[in-house]
1. Check the stretch B:26-38 and report whether any residue there is out of contact with any Gly (no Cβ under 6 Å at 6 or more places or on another chain), open to solvent by 40 Å² or more (accessible area, probe 1.4 Å) and farther than 18 Å from residue B:71 by Cα.
2. So residue A:87 fits all but one of (1) more than 10 Å from chain B (Cβ to nearest Cβ); (2) within 25 Å of residue B:35 (Cα to Cα); (3) open to solvent by less than 20 Å² (accessible area, probe 1.4 Å); what number is the exception?
3. Count, please, the residues in the stretch B:39-62 that happen to be more than 9 Å from every other protein chain (Cβ to nearest Cβ) and more than 14 Å from the chain's Cα centre (by Cα).
4. Out of curiosity, is residue B:78 touching a Pro at 6+ places or on another chain (Cβ under 6 Å), away from chain A (no Cβ under 14 Å), touching a residue at least 12 places away in the same chain (Cβ under 8 Å) and surrounded by fewer than 21 Cβ atoms within 10 Å (Cβ to Cβ)?
5. Would you please name the residue that is nearest to the other protein chains (Cβ to nearest Cβ), looking only at residues in the stretch A:33-58 that are open to solvent by 80 Å² or more (accessible area, probe 1.4 Å) and not small (Gly, Ala, Ser)?
6. So, in the stretch B:88-97, exactly how many residues are surrounded by fewer than 21 Cβ atoms within 10 Å (Cβ to Cβ) and more than 22 Å from residue A:32 (Cβ to Cβ)?
7. Quick check on the stretch B:42-72: of everything there that is touching a Ser or Thr at 6+ places or on another chain (Cβ under 6 Å) and more than 14 Å from residue B:93 (Cα to Cα), which residue is most open to solvent (accessible area, probe 1.4 Å)?
8. Are any of the residues in the stretch A:24-31 at pLDDT 95 or above, under 11 Å from the mean Cα position of the chain (by Cα) and surrounded by 12 or more Cβ atoms within 10 Å (Cβ to Cβ)?
Amino acid sequence: AQRVTQPEKLLSVFKGAPVELKCNYSYSGSPELFWYVQYSRQRLQLLLRHISRESIKGFTADLNKGETSFHLKKPFAQEEDSAMYYCAIDSGGYQKVTFGTGTKLQVIP
Amino acid sequence: DGGITQSPKYLFRKEGQNVTLSCEQNLNHDAMYWYRQDPGQGLRLIYYSQIVNDFQKGDIAEGYSVSREKKESFPLTVTSAQKNPTAFYLCASRQGSGELFFGEGSRLTVL
């Protein structure tokens, strides 16, 4: 069974500090990993996915198959980054998408 | 205006009653999903459907039922068998392995 673990419920950082939101997964096949974000009073939306290897709003995430991790990073946090972040795994052909419990990022001015 | 529409936004139910949450999409997506969002538990998958007239149980399907008679519609029924139905419910759709597009959610409260 596929599973996603986000160990931190809340992460507080000062503006300008680096950010790392942790995500570990378990899946026997070749997964697709995603980060979704939910800003206050907005819909849950895609932030980035590992296959695109893009940097969105300064965030990056590298898939580490050896450590089964997909941590989200940003070198300098901004106040507008404050939101709820969810890591998700896609089982591929079966299209089952499983989310983690989420991490609330709070950027302190 | 394309997207996912969930209704109602707020719903109150008495114990023992079934209730149906509506989810409609005009994105022409094949796959649709229902998640339950509870504080501290993230999003948990209830049911998903890859194609019309087909659906699969997610991780917490007990006490819920769905149908997929039309491509654009994926209603969720919360039955009286669901022991703790008070929650925020999110519907989503996607095409292939693309991103999930979410609705604004429906908040169900059991009185």
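1. no
2. (1)
3. 5
4. When the stated conditions are applied, residue B:78 does not pass them.
5. The residue in question is A:43.
6. Of the residues in that region, 1 qualify.
7. B:65
8. Yes, because at least one residue in the stretch A:24-31 is at pLDDT 95 or above, under 11 Å from the mean Cα position of the chain (by Cα) and surrounded by 12 or more Cβ atoms within 10 Å (Cβ to Cβ).
The values are calculated or read from the model by the stated rules, or taken from the named source; none is laboratory data. The structure displayed is predicted, hence computed values, not measured ones. As a convention, Cβ positions derive from the backbone with ideal geometry for all residues, glycine included, and neighbour counts pool all protein chains shown. These area figures cover heavy atoms from the full protein model, side chains too; ligands, DNA and RNA do not enter into them. Shrake-Rupley method; radii C 1.70, N 1.55, O 1.52, S 1.80 Å.
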